[in-house]
1. Out of the residues in region A:48-68 meeting the condition of being at the interface with chain B (Cβ under 7 Å from one of its Cβ atoms) and of a type in the set (Gly, Ala, Ser), tell me which one is farthest from residue B:165 (Cα to Cα).
2. State whether one or more residues within region B:108-127 are within 13 Å of chain A (Cβ to nearest Cβ) and at pLDDT 95 or above.
3. Just checking, does region A:149-159 include any residue being open to solvent by 70 Å² or more (accessible area, probe 1.4 Å), out of contact with any Leu (no Cβ under 6 Å at 6 or more places or on another chain) and either more than 9 Å from chain B (Cβ to nearest Cβ) or not in a helix (DSSP H, G or I) (or both)?
4. Search region A:160-176 for residues being open to solvent by 10 Å² or more (accessible area, probe 1.4 Å) and within 14 Å of residue B:76 (Cβ to Cβ), and hand back the single one that is farthest from the chain's Cα centre (by Cα).
5. Return the residues of region B:57-99 that are over 15 Å from the mean Cα position of the chain (by Cα), open to solvent by less than 20 Å² (accessible area, probe 1.4 Å) and of a type in the set (Val, Ile, Thr); say none if nothing qualifies.
6. For region A:100-109, indicate whether the set of residues that are of a type outside the set (Phe, Trp, Tyr), assigned to a helix (DSSP H, G or I), away from chain B (no Cβ under 14 Å) and within 22 Å of residue A:15 (Cα to Cα) is non-empty.
7. Just checking, which of B:157, B:171 is surrounded by 20 or more Cβ atoms within 10 Å (Cβ to Cβ), of a type in the set (A, V, I, L, M, F, W, C) and not in a helix (DSSP H, G or I)?
8. Output yes when any residue across region B:215-224 is more than 13 Å from every other protein chain (Cβ to nearest Cβ), over 19 Å from residue B:11 (Cα atoms), modelled with pLDDT under 95 and assigned to a helix (DSSP H, G or I), and no when none is.
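The values are calculated or read from the model by the stated rules, or taken from the named source; none is laboratory data. Since this is a predicted model, take the numbers as computed values, not measurements. Cβ coordinates were reconstructed from backbone atoms using ideal geometry, including for glycine residues, and neighbour counts include every protein chain displayed. To get the accessible areas, we keep the full protein, side chains included, count just its heavy atoms, and leave off ligands, DNA and RNA. Shrake-Rupley method; radii C 1.70, N 1.55, O 1.52, S 1.80 Å.
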Amino acid sequence: MTILDFLPNLLNGAWVTLQITVLSAILSLILSFIAGLGRISNVFLIRSIAIAYIEFFRGTSILIQLYWIYFVMPFFGITLDAYTAAVIGLGLNLGSYGAEVVRGAINSVDKGQYEAALALNFTKFDMYKRVIIPQAFVSMLPPFGNYLIELLKATSLVSLITIAELTYEGKLLIDQTMQTAEIFTLLLIIYFLIAQFFSYCIKSFERKLRAKLDRKVANG
Amino acid sequence: MDELYWDWDYTKEILPDLLDALHITINATLIGSLIALILGLVFALLRRSKYKIISKSTGFIIEFVRSTPLLVQIYFLYYVFPDYGVDMSPFMTGVIAIALHYAAYMSEVYRTGIEGIDNGQWEASIALNLSPYRTYKDVIIPQAIPPVIPALGNYIVAMFKETPQLSAITVLEMMQMAKILGSENFRYLEPFTIVGLLFLLISLVAAFCIKKVEKALPKNGIALK
């Protein structure tokens, strides 16, 4: 068989890979903000929960987390289908890394900005929403971009809990054709291309956002 | 739900096997990080080569390895090596795959370290007529590496957390052992949880040690004697 014969199956797998990447990226982005802001909260309980979540998911292995969610949760009466388990597992894992990005970016916003918001009598919510987060967001983008690539790579692991994404489709094709070198090379190239596409998108988004922020500052 | 309890007898029964497998996990991490630490430096230096073809192609290899999944790289080496007559144990194949993957990440760390060296140091080496080899060995590397030790350490911890992927090519590390024990006894709760806790414990201790090292290192470069 030639490369052209492999492509339809691999592209199907790539489509599943993309879906899982995007869904778990959205979940992890939400968790990043919740846990990142929780991490700097004044309330001891919220801070502790955020720290526990971050340390737990950063400290253990993503494959174990996936297996745990997929094989152990049923013991507690929570049975998730593989697809949901994959999205939740990846989202929870990357969210814990993203939380540190959010925290770092917020901490790096100049002190004067906080003081100005205080002087203008902003509520805490308004201060974060209108002053701190928009500025911090620009510096979050490059690390988020890196984590998006990490997430894309981590999706290959969900083949081990039987999801027919790109790696899984590749392995199936190998079982049928034994053309190991060709198919694994193709897999690597497809992952590489998706990753390049993602980092291109993130970079142009970052450029746009930066320009917009600069314009806002210039116009007052 | 009669499964909803933690079985301590079962825990006692499987713990020795899991601890044996922990040895393999740790061996893989240690051998892998040794290779990655050396290879990463080689990549970083090749990337600085004055020959465009070498620096450009090294840059491409680093980018390629960094943006493709480790699991596929492990499969690639495991299934493709034998076709070319390279016969290695799954353990060694897996360790080489992980080491290659992290060498790509570490090379970027070394690069930041080297780029952080003041221009004056290069100029002084030229003035002293040092060869490029001696410039790197005696002037640049000794100053470039200490500040990046914590970052390198973080990658070793990250590498440790990726070793469960070796189970995909039948290496009997902790994850594989947990899977085997779980399927033998139809109970995954204890083996998977214990493995998770062991990983958590070791990562937290390692992260704590890295923080200590970070504090012990001088902030701006190393003190000159």
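1. A:59
2. The answer is yes; a qualifying residue exists.
3. So far as region A:149-159 goes, no, none of its residues is open to solvent by 70 Å² or more (accessible area, probe 1.4 Å), out of contact with any Leu (no Cβ under 6 Å at 6 or more places or on another chain) and either more than 9 Å from chain B (Cβ to nearest Cβ) or not in a helix (DSSP H, G or I) (or both).
4. Step by step, filter region A:160-176, then rank; the result is A:174.
5. Those that are over 15 Å from the mean Cα position of the chain (by Cα), open to solvent by less than 20 Å² (accessible area, probe 1.4 Å) and of a type in the set (Val, Ile, Thr): B:58, B:68, B:72, B:80.
6. Scanning region A:100-109 turns up no residue that is of a type outside the set (Phe, Trp, Tyr), assigned to a helix (DSSP H, G or I), away from chain B (no Cβ under 14 Å) and within 22 Å of residue A:15 (Cα to Cα).
7. Every option except B:171 fails the conditions.
8. Within region B:215-224 (the criterion being more than 13 Å from every other protein chain (Cβ to nearest Cβ), over 19 Å from residue B:11 (Cα atoms), modelled with pLDDT under 95 and assigned to a helix (DSSP H, G or I)), the answer is yes, since at least one residue qualifies.
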